[in-house]
Amino acid sequence: MSPRLRVPLLVVATVVVVALLTWSRGGPEGSGSNAPAAPGASADSGTIAYAALPREGRQVLRAIEAGGPFAYDRDGVTFGNREGLLPRQRSGFYREYTVPTPGSPDRGARRIVAGEDGTLYYTDDHYASFRVIVAVPGEEDR
């Protein structure tokens, strides 16, 4: 093969490989797809029972249910899911709320992310992992 043909073929091959990788992962972020996140990027790392949340987390859940008030100005803002760990949804589907961390000089790492469908996620490591919050009957009243 002549050197003049190798470069364009290499470029085309690279574009094809990138396109295939993007397609196999469900398309680019923000594509509007409701498909789950890419394999290996689970929507959660398990579940956490309502009663197992820290006291502050249960208080934040009650505030979410009541529509506020919230402790931080950033509470209720759109969560962009840039990490891609939650199921892909359209922009604005997820909202984030701070779970105060006693002794922390700032907002800390704990958050609750609420989906418009009612699914609630808890992270205690600033979005590195998520657990779906589940309620055992009767626990939500404690």
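Considering the conditions (1) touching a Phe, Trp or Tyr at 6+ places or on another chain (Cβ under 9 Å); (2) surrounded by fewer than 20 Cβ atoms within 10 Å (Cβ to Cβ), residue 114 is excluded by exactly one of them, (2).
So how many residues does the stretch 70-81 have that are in a loop (DSSP other than H, G, I, E, B) and farther than 19 Å from residue 108 by Cβ? The total comes to 2. Of the residues contained in the stretch 119-139, one or more are found to be open to solvent by 40 Å² or more (accessible area, probe 1.4 Å) and free of Cβ contacts under 8 Å to residues at least 12 places away in the same chain. Remark: pairs (first residue in the stretch 99-114, closer than 18 Å to residue 64 by Cβ; second residue crowded, with 20+ Cβ neighbours inside 10 Å and basic (Lys, Arg); Cβ separation under 8 Å; 6+ apart in sequence or on different chains) = 99/110; 99/111; 100/110; 101/110.
The values are calculated or read from the model by the stated rules, or taken from the named source; none is laboratory data. Just so it is clear, the structure is predicted and the values come from calculations on it, not from any experiment. Heads up, the Cβs are rebuilt from the backbone with ideal geometry, glycines too, and the neighbour counts pull from every protein chain shown. To get the accessible areas, we keep the full protein, side chains included, count just its heavy atoms, and leave off ligands, DNA and RNA. Shrake-Rupley method; radii C 1.70, N 1.55, O 1.52, S 1.80 Å.
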